[in-house]
Every structure is written in structure tokens, then in C-alpha cells.
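First up is the structure itself, then whatever we jot down about it.
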Amino acid sequence: MSAIIKTEHLCYSYHTEENKKVQAVNDVSIEIEEGQFVAILGHNGSGKSTFAKLLNMILTPESGKIFIDGKELTSPDITEDDIYDIRRQIGMVFQNPDNQIVATIVEEDVAFGPENLGIPSDEIRKRVDNALETVGMKKYARHAPHKLSGGQKQRVAIAGIIAMMPRCIIFDESTAMLDPLGRREVMDTIERLNRKDGKTVLHITHYMGEATRADRVIVMRHGSVYMDGTPKEIFTRVDELWEAGLEVPQTTEFMHGLNELGLSLPLDIFETEPCAEKSAEAILKWISDHK
Amino acid sequence: MALDISIGQYFEGSSVIHKADPRVKLISVILYITVIFLAKNMFSFALLILSAIALIIISRIPIKIITKGMKPLILILVFTAILNIFWLQGDTLVFEFGIIHIYLEGIMTAIFMIIRITILLIGTSVILTYTTTPIALTDGLEQLLEPLKKTKLPVHEFSMMMTIALRFIPTLIEETDKIMNAQKARGADIGSGGIMQRAKALIPILIPLFISAFRRADELSTAMECRCYRGGEGRTRMSKLKLRAGDVVFAGTFIVLGALIIIINIYAPGFNLAY
């Protein structure tokens, strides 16, 4: 498989109101394969959102290169049309669903992207219906967005991106403002988009539980890549994560705590039930050993 | 605070008027207003009243809602009537007391003016505001004004602004409510005192509201850019407005009405209005 997104020594900085220079993204070189589900973790101000906004040219990098599907975004002869084509291919869903919805009717909003692309009316109709079907919001097609729940609104926002038929979707803390139910709805939708429709997913989050569902986890710190690997590889390095000011999944934290008491449990179990079974087993064994 | 905010005065329904093309409705309203000002004698005014009653019946909007909408107009109606009755001079003197002279022409003109204004309001609200969603209205307006795009008039931008404004009204009302509660929880006194005091009490509500509105605008513009928005050029629409036979009939009715009224003005006897 080929890399859909590739960055080389990417840097971006901005100035604060007190004229202090902040290096938000510092020398980031990564490759993301087509069809991968990547979670990007990091403390507030670690540069993860800035990094995402560089990928579809909402922000222009200071130095370094970005390649989307082999095409260099940062080359000087890139045209405005190329940038819009990249934005179509790399869709982006943001944190606050209210601030992404443009129209007063759900289906009109989903149609907004394809309308901008100049797609013929009947083709837009088909795409809108498909997109709403994919996120399970078909019933609400004629509803007003402000009467929907947070999770539903966010799914409408996702449908608006799907209707543009992107190859990759970036979720910029899209679950952060939702209640647990809404978060589950959105996470299930994201996972389905990746597994069933083969979309490349970049999921920026600070919920560890969500990151465990990804194929790959990238941890950012001070604008650079701090850790990069599978969830199992990353979350077993508990001390390093704590060092970066991050939490670990609750199951891992629990088993890590037991290990410090002298047990030897694996840290890479992220589901509650297997974790409970394994722990109970180990505790019983410890008790029988110490009788 | 009620969160179920109805935007504008739209009244849900499925009548012929509700279903008509918004562009046709806009044109029809202009036609109807012209017709209203064409009417000059008793018979043509009678026809106007009939047409207004017909509109109300066809639209199936409860008469209660329409009378409620008329209330703010009462003062203007009374004022126009008084002005016409006391100031207009004519041939037939009806009442005389000191310097007050009331002529038949004055009374008739007053009656006609009241009918005119009332029908004007009923006409525009039944054809447009009560039966058309704001979004359909902006859509219709944009497509009707499309020829003006050639003159560099920002027709698309204007309708986009209207759409976004309408979209954010409920969101901002909800937000105002939240901020008010937050300020009340901090001991802000909002509802009491004189006008100056109450205006001052609004400041801690308006400032956070404005800041948040700016932030929203910023985020919305980024989200729109991510969805490839680049102005009206090269943009298509999902739901194209299509003219149906019924729409032509709808607009045609008003032209026929106008023709009838002109004929009545010329041939029918009865009191003729000077203007």
C-alpha cells in the first residue's frame, strides 16, 4: 500500500499576542498508509490540531514538505484548484458540531460540500442520501439541525464530509464536546467508515479508550512526534505517557498498579471484561502462592 | 425560555400557496400590490375583499393568526381614517360643526384606505411570510435576482449571509439563555431598575455573546473552507427550483384580477376614488 499522507520535516510557528514565538509543529516526518486508522494523542498545545490543519492547507507550513498521494502540496507551482482538490480528498470534521453546520435543514447542509464542487443536481441527491444512510441519519433528512442532539449533529457534519467522497477524513477532537452516548455514536461511525468503506482516518483525541480502537497511535509532545506505534506498543509504555502528561487507558492503569504491587499482568488488554478476568485470575494465583 | 423557536412567521401547512414556487410567490406579491393600488371604485374594492378572503381560505391559515398579525396596524389605520375624514374636502357635505366640515368623499376615502392597507398586509403575509420558509424565500430571491450577478451585485453572498444568519438565530438564542443564567448565578441583576440600569445590566451578557459569535464565525469559515466553499462561482444546487403548471396559473390569477379591476374601474358606476 502507498502512503496517502507523507510529511517531511514539517514546521509551523505562530506569534502570540505578547509577540512570543510558539513552535507549534516542529520537524514532523510521518507517513500514513491508505486505509489506516491513526489516532493522534497529545496534551493541550502539543501541536496536534495545528498539524492536522497543515495537511489540507488551512494553514501554510513554515518549512518542510507535505505530500498527498505523492503530490507535493508545498511546491511553489501548486494552484488554487489543486488546493481545493486536496480539501475534497482530505475531509475534516471539527470539535463543535454547531459551528460546522451551514444550512437550516439537515440534507441541505450535507449537500453544501458537493454543491461547492459543482456536481450535477441529481448526483448530489444520490450522494446526500448515501451519506445520510452511512451515518444513520436518513430519518432526520428534513429536520432542523438545532433540534438534534450533539452526537446527531456531529454525524450530520460527518455526512457533509462523506458526501464529498474524500479518501481520508481527519477528526479534530470531534468527540470532545459530546456526552458519552454521542461519543459512542460518533466513534462507531468513524470505525465503520474506516473498516467498511476503507477510508483513511486520522482521529485526534484525548480519550485513551478511543485511541485503543485505532491501528496506529501517534503521540505528540511540544510539536514533535514523541511516540509512534500500535496501541499495544504505545500504551504499555505507561511511564513515558505519564511523562508527556497523558493518561493511559483505565484498564492499563489498573493492571499497571497491580504490577507495581508485585503481580505480572500484561498491559495491552483494553477491554473491561478480559481485563477483569485476567486480573482476578492473577490475584487468585498470587493469594494461593502466598499462603 | 422556550427552545422551540419558530423563525419568522412561517405557519406549517400543505396548501396550494405553501407549495407554490417561491419565485412565483415573490412575483405574485408584487402583482397583487399593484392590483391593490389599481382599485378605484366600490366594485373593484369589493372584488379585492373577495380575493383576500379567497387567499385566506386557500392558505388554510387560521383567521386568529391573521388578526393577531393585524394588531400593530390598528394605530396606523385609525390615524389614516381620521386624517382623511377631517381634511378631505368634496362636494357633498355630511356634517358641519364650527370649523369641522365632514364630506362624503372624505368618509369614503377613509374606508377605501383602510381596506387597501388591510388587504396589503393580508396579501403579503398570506402569500409570502406565513406560507414560505425563510430558506425558500432566500433561495427564491437569489434565483430571481440571478440576472443581477452580471452587474457584479453580490447576490449569492447576500443569500449565503441570510442563510447563515437564519441558521444561527436559534443557536445564539440558546447561547444568550446560557450566558444569562451564568451571570444570574454570579449575582447579576438583569430584570429590575430603570431603563439605564437595565441597559447597563445587558453589557455582561452582550460581551460574552459577541466574543462567542466571533469565535463561531471563525470556526465556521474554516469548516466552510474545508468543504471547498469558494463563493458562488461554479456552484450547483441540489434542489433546483422548477416551475410547474400550477405556478403559472397562480401568478396568472393575479394578472386576471388586475385586468378585471381595470375594467371595473372604467365601466362600473359607483364612487370613484381620486387617487
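The values are calculated or read from the model by the stated rules, or taken from the named source; none is laboratory data. It should be emphasised that the depicted structure is a prediction, and the values quoted were computed from it without experimental measurement. Methodologically, a virtual Cβ is constructed for each residue, glycine included, from the backbone with ideal geometry; neighbour enumeration extends over all protein chains shown.
If only residues of segment A:118-146 that are facing chain B (nearest Cβ under 8 Å) and surrounded by fewer than 22 Cβ atoms within 10 Å (Cβ to Cβ) are counted, the one that is nearest to A:D81 (Cα to Cα) is A:G118. Scan segment A:54-70 for residues that are touching an Asp or Glu at 6+ places or on another chain (Cβ under 8 Å) and within 14 Å of another protein chain (Cβ to nearest Cβ) and the total you get is 1. Just one residue in the set A:L202, A:L178, A:L193 is within 16 Å of the chain's Cα centre (by Cα) and in a loop (DSSP other than H, G, I, E, B); that residue is A:L178. For segment B:259-268, does any single residue satisfy the condition of being touching a residue at least 24 places away in the same chain (Cβ under 8 Å), in a loop (DSSP other than H, G, I, E, B) and closer than 30 Å to B:M108 by Cα? Within segment B:259-268, one or more residues are touching a residue at least 24 places away in the same chain (Cβ under 8 Å), in a loop (DSSP other than H, G, I, E, B) and closer than 30 Å to B:M108 by Cα. Candidates A:D69, A:D85: the one that is within 17 Å of A:C168 (Cβ to Cβ), of a type in the set (D, E) and within 20 Å of the chain's Cα centre (by Cα) is A:D69. Looking across A:G151, A:G160, one residue alone is part of a helix (DSSP H, G or I), within 8 Å of chain B (Cβ to nearest Cβ), among the small types (G, A, S) and touching a residue at least 12 places away in the same chain (Cβ under 8 Å). It is A:G160.
Scan segment A:118-148 for residues that are touching a residue at least 24 places away in the same chain (Cβ under 8 Å), closer than 20 Å to B:R237 by Cα and in a loop (DSSP other than H, G, I, E, B) and the total you get is 4. Of everything in segment A:1-51 that is basic (K, R) and without any contact (Cβ under 8 Å) to a residue 24 or more places away in the chain, the residue that is nearest to A:T74 (Cα to Cα) is A:K21. Please enumerate the residues belonging to segment B:196-211 that are of a type in the set (G, A, S) and buried (at least 16 other Cβ atoms within 10 Å of the Cβ). If the condition is that a residue be of a type in the set (G, A, S) and buried (at least 16 other Cβ atoms within 10 Å of the Cβ), then B:A201 is the only one that fits. Within segment B:144-165, is there a residue that is within 30 Å of B:L48 (Cβ to Cβ), without any contact (Cβ under 8 Å) to a residue 60 or more places away in the chain, part of a helix (DSSP H, G or I) and within 14 Å of chain A (Cβ to nearest Cβ)? Within segment B:144-165, not a single residue is within 30 Å of B:L48 (Cβ to Cβ), without any contact (Cβ under 8 Å) to a residue 60 or more places away in the chain, part of a helix (DSSP H, G or I) and within 14 Å of chain A (Cβ to nearest Cβ).
Assess whether B:F250 counts as being in contact (Cβ under 8 Å) with a residue 40 or more places away in the chain and among the aromatic types (F, W, Y). Show your work before the answer.
Numbers: in contact (Cβ under 8 Å) with a residue 40 or more places away in the chain: yes; among the aromatic types (F, W, Y): yes.
Answer is yes for this residue.
Out of all the residues in segment A:147-165, which are under 20 Å from A:P114 (Cα atoms) and either hydroxyl-bearing (S, T, Y) or surrounded by fewer than 21 Cβ atoms within 10 Å (Cβ to Cβ) (or both)? Before the answer, list the steps.
Taking segment A:147-165 as the starting set, the residues that turn out to be under 20 Å from A:P114 (Cα atoms) are A:153-165.
Result: A:M165, single match.
Within segment A:18-63, take every residue that is hydroxyl-bearing (S, T, Y) and assigned to a loop (DSSP other than H, G, I, E, B) and give me the one that is modelled with the lowest pLDDT. Walk me through how you get there before you give the answer.
As a first pass, look at segment A:18-63 and keep what is hydroxyl-bearing (S, T, Y): A:29, A:46, A:49-50, A:60, A:63.
After this cut, where a residue has to be assigned to a loop (DSSP other than H, G, I, E, B) as well, the list is A:29, A:46, A:60.
Values: A:S29: 93, A:S46: 86, A:T60: 89.
If we take residues in segment A:18-63 being hydroxyl-bearing (S, T, Y) and assigned to a loop (DSSP other than H, G, I, E, B), then A:S46 is modelled with the lowest pLDDT.
Name the residues in segment B:54-105 that are in a strand (DSSP E or B) and in contact with a Leu (Cβ under 9 Å, 6 or more places away or on another chain), would you? Selection gives B:L93, B:V94, B:H101, B:I102, B:Y103.
Looking only at residues that are among the β-branched types (V, I, T) and in a helix (DSSP H, G or I) in segment A:76-117, which one is farthest from the other protein chains (Cβ to nearest Cβ)?
As a first pass, look at segment A:76-117 and keep what is among the β-branched types (V, I, T): A:78-79, A:83, A:86, A:90, A:93, A:101-102, A:104-106, A:110.
Now narrow it down to the ones that are in a helix (DSSP H, G or I): A:83, A:86, A:106, A:110.
Working: A:I83: 9, A:I86: 10, A:V106: 12, A:V110: 9 Å.
So the residue we want is A:V106.
I'd like to verify a number: residues in segment B:74-124 that are without any contact (Cβ under 8 Å) to a residue 40 or more places away in the chain and either within 29 Å of B:I57 (Cα to Cα) or surrounded by fewer than 16 Cβ atoms within 10 Å (Cβ to Cβ) (or both), how many?
Count: 26.
Is there a residue being touching a helix residue (DSSP H, G or I) at 6+ places or on another chain (Cβ under 8 Å), more than 14 Å from chain A (Cβ to nearest Cβ) and among the basic types (K, R) anywhere in segment B:206-229? No, there is no match, as no residue in segment B:206-229 is touching a helix residue (DSSP H, G or I) at 6+ places or on another chain (Cβ under 8 Å), more than 14 Å from chain A (Cβ to nearest Cβ) and among the basic types (K, R).
Being within 32 Å of the chain's Cα centre (by Cα) and farther than 30 Å from B:K25 by Cα is the requirement here; does B:A185 meet it? Spelling it out, it is not the case that B:A185 is within 32 Å of the chain's Cα centre (by Cα) and farther than 30 Å from B:K25 by Cα. Total residues in segment A:1-17 satisfying the condition of being part of a strand (DSSP E or B) and among the acidic types (D, E): the figure is 1. Somewhere in segment A:82-95, is a residue on the phi > 0 side of the Ramachandran plot and modelled with pLDDT of 90 or more? Scanning segment A:82-95, I find no residue that is on the phi > 0 side of the Ramachandran plot and modelled with pLDDT of 90 or more, so the answer is no.
Looking at segment A:35-53, can you tell me whether even one residue there is within 17 Å of A:P166 (Cβ to Cβ) and within 14 Å of chain B (Cβ to nearest Cβ)? Looking through segment A:35-53, at least one residue is within 17 Å of A:P166 (Cβ to Cβ) and within 14 Å of chain B (Cβ to nearest Cβ). Being at negative phi, surrounded by 13 or more Cβ atoms within 10 Å (Cβ to Cβ) and either part of a loop (DSSP other than H, G, I, E, B) or hydroxyl-bearing (S, T, Y) (or both) is true of B:R230.
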